[in-house]
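The values are calculated or read from the model by the stated rules, or taken from the named source; none is laboratory data. A quick note: this is a predicted structure, and the numbers were derived from the prediction, not measured. Cβ sites come from the backbone with ideal geometry, for glycine too, and all protein chains shown count toward neighbours. We work out accessible area using only protein heavy atoms, side chains counted, and drop any ligands, DNA or RNA first. Shrake-Rupley method; radii C 1.70, N 1.55, O 1.52, S 1.80 Å.
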Amino acid sequence: RQVLILIDGVRVSDPSRIDNDFNLNFLSLDQIESIEILKGAASSLYGSSAATGVISIQTKKAAAGFNLNLQSSMGSDSDQDSKRGLNLFKNALQLSQGGENLKAKAYFSNHNTNGMSAVVGPEVDPFSHTNFGASLNFKSQSKFNFNTGFDRSHINSDYDNSFPLEDANFQLLTTMDRFHFNPNFDYKNGGASLKFGYQKVDRDFKSDYPFQTEAENTQLELFNKYAFGTRFYTVVGALFQNNYAIYEGSQPTSQTDAFANVVAVLSNRSRINFGGRLNNHSTYGSNFTYSINPSYQLLKNSTNSFKILAALSTAYIAPSLYQLYDPYSGNSQLEPEENQSLEFGFVFNSSNWELSSTYFQRIENPSLIYDLSTYRYENANENARYNGVETQISGSITGKLKVNQQLTFTQTENGDLRYLPKFSSQTQITYRFSSQWHSNMSLQAIGERFGLDNKTLLEGYQLLNLSVHYQLKKAPLGFFIHATNLFNANYIEIESYATRGRNVVGGFTFRLP
C-alpha cells in the first residue's frame with residue numbers, strides 16, 4: 001500500500017482498489033525487461049504512494065530491424081493435495097520493427113489456468129488473462145524524442161465467498177485500458193520531460209451480492225532536470241492527478257503537487273540529496289513532505305569501495321476511493337495517514353561482490369487499518385512503529401556461478417504485521433554450464449507471521465524452485481522447464497485459502513532473427 005509502481009517511468013494506479021495502486025495481475029510477464037526495487041521512502045521525489053519504496057518496471061523495447069518473439073508453455077497449477085494435471089497454458093507473441101528514428105512494437109499474450117480453488121475445497125476457480133498492446137518510440141536527429149503506448153488487459157476469474165467463507169461459484173470480470181505518452185527534450189546540462197498517463201478499469205462482480213464499478217486515473221507530470229556544473233544536480237516539477245471511481249456517494253479527487261530535489265556533491269567522498277514536495281489534495285488540503293539523504297564514501301580504490309548513507313523523510317497518504325466509499329467496508333470519515341521514516345546503512349563493493357545493509361524505522365500516525373470488529377476501514381487510535389533490517393549480498397563465486405542472498409527482519413509496536421513475516425530470506429543461485437545450458441535455483445524462507453486476526457501465529461515455511469534453460473546452437477529456439485515448490489511443502493499463506501504445491505511448467509521460446 002505504501003510502494004509506488006512505475007511502468008516505463010509512468011505512475012500506474014487503480015482508484016477502485018484497496019491501496020489505490022496497480023494490480024500486477026494486469027501485467028504480462030513476457031513483456032517485462034527488468035524490475036528495479038528502489039528501497040526506502042521517496043515521497044518527496046515520487047509522490048505520496050512512495051512512502052516505503054518504488055518498484056520500477058521497464059517493458060521490452062523494439063530493437064533495430066524486424067524482430068519476432070514467440071513463447072509458449074504448459075504445465076500444472078495445483079495445490080498441495082491435488083493431483084498434477086495439464087491445466088496451465090501460456091502463449092505470447094511480440095512483433096517489432098525498428099529503424100534509425102522510429103521503432104514500433106505490437107504484442108499479444110494469453111494465460112489460462114483451471115487447477116486450483118481459492119478457498120480450500122473441491123470446486124475449481126479458473127483464471128484467464130488476455131493482454132495486447134502496441135508502443136511507438138521516436139528519436140529525431142535533434143534532441144527531441146518521445147515514446148507512447150497502449151495496453152489492454154482482460155481478466156476473467158472465478159472467486160469464492162469471504163463472508164461467510166465458502167467454496168462459492170462467483171465470477172469477476174475485469175478490463176483495464178492503459179495509455180501513456182512521454183515526450184522529452186534534451187538541452188545543454190539538462191532536459192525537460194512530460195509524462196501523461198491514463199488508466200481505466202471496469203469490474204463486474206457476479207455473485208450473491210452483484211456489484212459493478214469503474215474507475216479512472218489521469219495524471220500529468222512535467223519536470224526539468226538541470227546540472228549546475230559538476231556540483232549541483234536539480235529536478236523541479238509539478239504533478240496533477242485525478243481519480244474517479246463509481247461508488248454510491250463517491251466524489252472524484254484530485255491532487256496537485258509541486259516538488260524540487262537537489263543533489264549537492266560536497267566533495268569527492270560526500271554528497272547530500274534533499275528535496276520537498278507540496279501536495280494539495282481536493283479533500284484533505286495542503287501537506288508538505290521532505291527528505292534528506294546524506295552519504296559519505298569512506299573507501300574507494302580500484303577494487304573496493306565502502307559507503308555509508310542515511311535518510312530522513314516524511315510521507316502523506318490519502319485514503320483510496322475504495323477505502324472511502326466501498327459499500328461494504330468503506331468509511332468516508334477516514335483521515336489521511338502521515339508517517340516519518342529514518343534509515344541508515346552501508347554499501348560495500350569489491351571486484352566481484354556487493355554487500356549492503358540498511359536499518360529502518362517508520363512511525364505512522366494515524367494508520368489506515370481494516371477493523372475486524374466493524375468490518376470497515378478505520379484510523380488507528382495509537383501510533384504504529386515499524387523497524388527492521390534489510391541485508392543483501394550478491395556476487396560471483398566463479399565465472400559460472402552467481403549468488404544473490406537477501407535477508408529481512410521486521411518488528412512492530414501497535415502496527416499491522418498480518419501475513420508480513422518477522423523474518424524472510426531469499427536465495428538465488430545461477431549456474432551456467434555452457435553457452436547453451438544454464439540453471440537457476442531459488443530458496444524462499446518465510447518466518448512466523450500473524451494471521452488475519454493479527455494474533456494467531458502462522459508457522460514458517462520454505463519453498464525451493466528450480467529452472468533449467470537450453471538454447472540450440474544453430475537455431476533461434478530455446479527450451480525451458482520450471483518447477484515450483486519442489487518438495488511440495490505444506491504451508492498456510494492465508495488461513496482457509498489454498499496454496500500452490502509442486503508444479504512443473506515447460507515450454508519454448510522462438511526468436512527471429
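Rounded to whole Å, give me the distance from the Cα center of the range 22-61 to that of the range 270-289.
20
From the backbone phi of the range 300-310, what are the Karplus-calculated ³J(HN,Hα) couplings (6.51 cos²θ - 1.76 cosθ + 1.60, θ = phi - 60°) in whole Hz, Gly and Pro given as x?
7, 9, 5, 10, 9, 8, 9, 10, 10, 8, 8
Give the separation of the Cα centroids, the range 89-137 to the range 462-480, in Å.
Using only Cα atoms, the two centres lie 20 Å from each other.
Restricted to Cα positions, what overall size does the range 289-328 have along the principal axes? Three whole-Å values, descending.
61, 21, 10
Would you mind telling me the share, in percent, of accessible area of the range 167-287 contributed by carbon and sulfur at probe 1.4 angstrom? Display every interim value, and only then the final one.
Numbers: 3540 of 6140 Å².
That fraction is 58 percent.
Identify all aspartates and glutamates with a Cα-Cα distance to LYS300 below 15 Å; exclude those on the same chain that are fewer than 8 residues away in sequence.
GLU354
Once the dipole of the range 315-473 is set up with Lys and Arg at +1 and Asp and Glu at -1 on Cβ about the Cα centre, which of GLY395, GLN471, SER373 lies farthest towards its positive end?
It is GLN471, whose Cα lies furthest towards the positive end.
Please express the Cα-Cα pair-distance distribution P(r) of the range 179-316 as a list of whole percents, one per 10 Å bin, running from 0 to the bin with the greatest distance.
10, 26, 27, 20, 11, 5, 1
Local charge sum around SER73 (other residues, Cβ-Cβ under 12 Å, Lys/Arg +1, Asp/Glu -1)? Mind showing how you got there, number by number?
On the way: positive: LYS90; negative: ASP30, ASP77.
Taking every Cβ under 12 Å from that of SER73, the sum is -1.
Find the accessible area per residue for the chain; the probe is 1.4 Å, ligands and nucleic acids are left out, and the unit is Å².
On the way: 26160 Å² over 513 residues.
In whole numbers, the chain has 51 Å² accessible per residue.
Please state the equivalent ellipsoid semi-axes for the range 301-405: what are the square roots of 5 times the Cα gyration tensor eigenvalues, largest first, in whole Å? Mind showing how you got there, number by number?
Numbers: eigenvalues 352, 55, 22 Å².
Those come to 42, 17, 11 Å.
Per residue, how big is the convex hull of the range 324-475 when only Cα atoms are used? Give it in Å³.
Details: hull volume 25.8 nm³, N = 152.
Residue-normalised Cα hull volume stands at 170 Å³.
Over the range 131-195, one equal point on each Cα, no solvent: what is log10 I(q)/I(0) by the Debye formula at q = 0.13, 0.27 Å⁻¹?
-0.58, -1.07
Hey, got the dipole for the chain? About the Cα centre, +1 on K and R Cβ, -1 on D and E Cβ, debye to the nearest 20?
On the way: 42 positive and 46 negative charges, 634 e Å.
Around 3040 debye, computed over the chain.
According to the square roots a ≥ b ≥ c of the eigenvalues of the Cα gyration tensor, what is the shape class of the chain, taking rounded for a/c under 1.5, prolate for a/b larger than b/c otherwise, and oblate for the remainder?
Values: a/c = 1.23, a/b = 1.06, b/c = 1.17.
The shape class here is rounded.
Can you give the local net charge around TYR431? Use residues other than it whose beta-carbon is closer than 9 angstrom to its beta-carbon, Lys and Arg +1, Asp and Glu -1. Working shown, then result.
Numbers: positive: LYS400, LYS402, ARG432; negative: none.
Every neighbour counted, the sum reads +3.
Could you let me know the centre-to-centre spacing of the range 434-458 and the range 324-397, using Cα atoms, in angstrom?
Value for the Cα centre distance between the two parts: 20 Å.
Would you kindly give the portion of the calculated P(r) for the range 394-513 that falls above 26 Å, as a percent of all Cα pairs?
Details: 2770 of 7140 pairs.
Cα-Cα pairs in the range 394-513 separated by more than 26 Å: 39 percent.
Alpha carbons only, please: Rg and Dmax for the range 21-120, in angstrom.
Calculated on Cα positions, Rg and Dmax stand at 18.5, 55 Å.
Short version: ³J(HN,Hα) in whole Hz for each residue of the range 486-493, in order, from phi by Karplus 6.51 cos²θ - 1.76 cosθ + 1.60 (θ = phi - 60°), x for Gly and Pro, what are they?
4, 9, 6, 4, 9, 9, 10, 8
Using packing as a proxy for protection, rank 235-246, 422-433 so that the peptide with the highest average count of other Cβ atoms within 10 Å comes first.
Values: 235-246: 18.4, 422-433: 15.8.
Top of the packing list down: 235-246, 422-433.
Let me check I've understood the local charge: for THR174, count other residues with C-beta under 9 angstrom from its C-beta, Lys and Arg +1, Asp and Glu -1. What total comes out? Show your work: numbers first, answer last.
Working: positive: ARG203; negative: ASP202, ASP204.
Value of the local net charge: -1.
With point charges of +1 on the Cβ of Lys and Arg and -1 on the Cβ of Asp and Glu, referenced to the Cα centre of the range 59-111, which listed residue (SER76, LEU88, LEU102) lies farthest in the positive direction of the dipole?
Value computed over the given set: LEU102.
Compute the relative contact order of the chain as a whole-number percentage, counting only Cα pairs closer than 8 Å that sit 6 or more residues apart in sequence. Walk me through the numbers on the way to the answer.
Values: 1480 pairs, mean separation 56.4, N = 513.
It comes to 11 percent, rounded to a whole number.
Sum -39500 (n - 2.57) across every DSSP H segment of at least 4 residues in the chain, then divide by the residue count to get the 222 nm mean residue ellipticity, nearest 500.
Values: 2 runs with 9 residues, N = 513.
When only DSSP H runs of four or more count, the value is -500 deg cm²/dmol.
Please list, or write none, the lysines whose alpha carbon is within less than 17 Å of the alpha carbon of LYS103, excluding same-chain residues fewer than 8 places away.
Excluding near neighbours in sequence, the set is LYS60, LYS61, LYS139, LYS143.
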